[in-house]
Amino acid sequence: MRDAIPVFCLLFVFSTSLTSQAAEAEETSLAAKASQILQQRCYRCHGGAAKQAGIDVLSRKNLTQERGDIGARFALVVPGDTNSSQLLDSVAGGADSYMPQNGSPEAKAMTEEEKELLVKWVAAGAEFPRTETREFLTETAALAAMRQHLLDAKADDRRDIRFLTFTHWHNNPSISELDLRLARAALAKAINSLTHNREIILPTPLDGTNDAVFVINLRELGWDRNQLWEAILGQYPYALKYDFVKDEELKQTWKDVVQFSGADMPLLRADWFVVTATQPPLYHRFLDIPDTLAELEQQLRLDIQQNFLDGEVQRSGFAKSGVSKQNRLLERHTSPATPYFWISYDFLPQRAKGDLSRFPLGPPFADNPFLNQSFEHDGGEIIWSLPNGMQAYMLVNAKGNRIDEGPIDVVFDRSAVLGTPKIINGISCMYCHRDGMIT
């Protein structure tokens with residue numbers, strides 16, 4: 001009997017441990033499922049760079065913080081309190097639900113089971129999955145990986161090798177693995193949206209950096225011309241060098257990278273590059289986007305006016321659109337140089353000859369036989385295909401001169417994803433047309 005007591009105690013402890021582990025596993029599973037739902041159904045508008053209304057659905061701190069005016073404070077998520085959690089009202093409030101937005105792909109895909117799981121998740125404490133701590137990547141280790149890559153490369157290639165680094169993101173524990181993956185994808189998209197190459201070229205992660213440092217070849221991308229790298233460096237605010245640091249290993253590794261690459265600054269912050277190179281003036285320089293629409297037509301072997309006269313255009317007018325409160329006309333062309341060429345005609349409010357129902361046959365030009373029925377537009381957005389299938393963009397005013405951003409009274413970005421409703425050529429267009437042409 002005496003021997004039975006310790007055995008009983010051991011069984012009790014063991015069973016209690018199993019129960020605890022099972023509960024913990026269930027909690028972890030619930031957290032993972034809830035996180036996945038938020039990622040799939042909400043993150044596009046409320047996460048990453050978007051964060052509309054200042055909401056980041058994958059940040060517990062953001063979701064549980066108080067919002068609103070004094071006397072009417074609320075939180076999107078109150079752990080353990082399903083009645084006070086505004087997130088549940090918006091998503092799982094029955095007929096009063098308004099998120100995901102009606103008509104969106106997320107709204108069509110979200111199920112009742114997913115809504116019920118979010119309710120259970122909040123009731124259980126609204127925990128997020130535990131994240132694994134990433135191994136810290138030192139500056140010396142990152143530079144050593146660059147040096148090794150240069151040493152392994154052919155001597156003739158070294159002068160064209162450059163590095164783009166997410167080291168500062170990798171070392172920041174507040175940045176999730178999801179955001180890191182999206183940042184890497186953004187880098188790949190940016191690089192391939194800034195080249196006239198026919199092939200998609202993926203930046204290569206360096207060994208030993210946990211995908212925090214990527215290498216590119218300027219010659220492969222066609223960036224070895226027009227002093228493009230020097231133009232980038234002319235705007236780069238983080239050109240930190242290590243010539244005079246006390247750490248001898250760091251200093252020597254840096255000198256080796258500079259010597260082997262032949263560049264005073266052979267690396268850039270990848271996040272800065274993605275944001276800066278995809279908007280003017282660098283965006284126009286990378287793609288040789290000319291100053292006028294007429295010059296672009298010559299580049300692409302296209303004649304918009306002649307196509308109009310020959311009836312070789314496809315047109316569609318809209319009373320409303322996602323970027324303008326006025327009516328809008330879209331026009332599609334083809335040419336030997338690009339499989340498609342789209343141009344919009346956009347208007348200021350209350351323009352006398354801006355009503356497409358009365359003046360559909362513009363724009364006016366000398367040989368237009370329908371001058372009395374011609375609209376007079378105030379600007380346009382242009383989209384065409386690059387040789388690798390990615391898109392290129394240009395904004396023009398009424399005279400066909402290239403502009404950096406659209407006048408906000410003509411077109412605007414409702415999502416304000418860049419922190420402003422202005423449509424900035426390149427980067428704003430990439431966000432809006434992230435899945436290609438909008439149909």
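The values are calculated or read from the model by the stated rules, or taken from the named source; none is laboratory data. Note that this is a predicted model, so its numbers are computed, not measured. Quick reminder, even Gly has a Cβ in these numbers, built from the backbone with ideal geometry, and neighbours come from all protein chains shown.
Can you pull out the helices (runs of 4 or more DSSP H) entirely within the stretch 69-164 that have at least 1 residues that are basic (Lys, Arg)?
On the way: elements: 86-92, 105-109, 112-123, 139-152.
Result: 105-109, 112-123, 139-152.
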Does the stretch 96-118 contain at least one residue that is in contact with an Asp or Glu (Cβ under 8 Å, 6 or more places away or on another chain), at pLDDT below 95 and surrounded by 17 or more Cβ atoms within 10 Å (Cβ to Cβ)? yes
So in the stretch 19-57, with the set limited to residues that are charged (D, E, K, R) and modelled with pLDDT under 85, which one is nearest to Glu127 (Cα to Cα)? Glu27
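crowded, with 20+ Cβ neighbours inside 10 Å and either farther than 28 Å from Thr195 by Cα or not assigned by TED's automatic domain parsing to the domain that holds Ile232 (or both): which single residue out of Phe308, Phe370, Phe365, Phe318 fits that description? Step through it out loud before you land on a result.
On the way: Phe370 fails: crowded, with 20+ Cβ neighbours inside 10 Å; Phe365 fails: crowded, with 20+ Cβ neighbours inside 10 Å; Phe318 fails: crowded, with 20+ Cβ neighbours inside 10 Å.
It is Phe308.
Among the residues of the stretch 172-213 satisfying the criterion of being β-branched (Val, Ile, Thr) and closer than 17 Å to Gln148 by Cβ, which is surrounded by the fewest Cβ atoms within 10 Å (Cβ to Cβ)? Break it down stepwise before answering.
Taking the stretch 172-213 as the starting set, the residues that turn out to be β-branched (Val, Ile, Thr) are 175, 191, 195, 200-201, 204, 209, 213.
Filter again for closer than 17 Å to Gln148 by Cβ, leaving 204, 209, 213.
Working: Thr204: 12, Thr209: 22, Val213: 27.
Taking the candidates together, the pick is Thr204.
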For Arg358, the lone unmet condition from (1) over 29 Å from the mean Cα position of the chain (by Cα); (2) under 25 Å from Gln299 (Cβ atoms) is (2)
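Each row is one residue, and each column tells you yes or no for (1) modelled with pLDDT of 95 or more; (2) surrounded by 14 or more Cβ atoms within 10 Å (Cβ to Cβ); (3) assigned to a loop (DSSP other than H, G, I, E, B).
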residue: His377; (1), (2), (3): yes, yes, yes
residue: Ile383; (1), (2), (3): yes, yes, no
residue: Gly389; (1), (2), (3): yes, no, yes
residue: Val396; (1), (2), (3): yes, yes, no
residue: Lys399; (1), (2), (3): yes, no, yes
residue: Pro407; (1), (2), (3): no, yes, yes
residue: Arg414; (1), (2), (3): no, no, yes
Mind checking whether some residue in the stretch 214-232 is in contact with a Phe, Trp or Tyr (Cβ under 9 Å, 6 or more places away or on another chain), closer than 17 Å to Glu139 by Cα and crowded, with 17+ Cβ neighbours inside 10 Å? yes
Residue ID - nearest to Leu182 (Cα to Cα), chosen from residues in the stretch 48-83 that are of a type outside the set (D, E, K, R) and touching a residue at least 60 places away in the same chain (Cβ under 8 Å): Gly48
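Condition check ((1) at pLDDT 95 or above; (2) not assigned by TED's automatic domain parsing to the domain that holds Asp247) across all residues:
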residue	(1), (2)
Arg130	no, yes
Met146	yes, no
Asp179	no, no
Ala212	yes, no
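Out of the residues in the stretch 199-231 that are touching a strand residue (DSSP E or B) at 6+ places or on another chain (Cβ under 7 Å) and aliphatic (A, V, I, L, M), which is nearest to Arg181 (Cα to Cα)? Give the derivation first.
The initial filter retains those residues of the stretch 199-231 that are touching a strand residue (DSSP E or B) at 6+ places or on another chain (Cβ under 7 Å), namely 203-206, 211-218, 229.
Imposing the further condition that a residue be aliphatic (A, V, I, L, M) reduces the set to 206, 212-213, 215-216, 218.
Values: Leu206: 15, Ala212: 10, Val213: 13, Val215: 17, Ile216: 18, Leu218: 24 Å.
Only one residue tops the list, namely Ala212.
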Would you tally the residues in the stretch 290-315 being of a type in the set (A, V, I, L, M) and in contact with an Asp or Glu (Cβ under 8 Å, 6 or more places away or on another chain)? 3
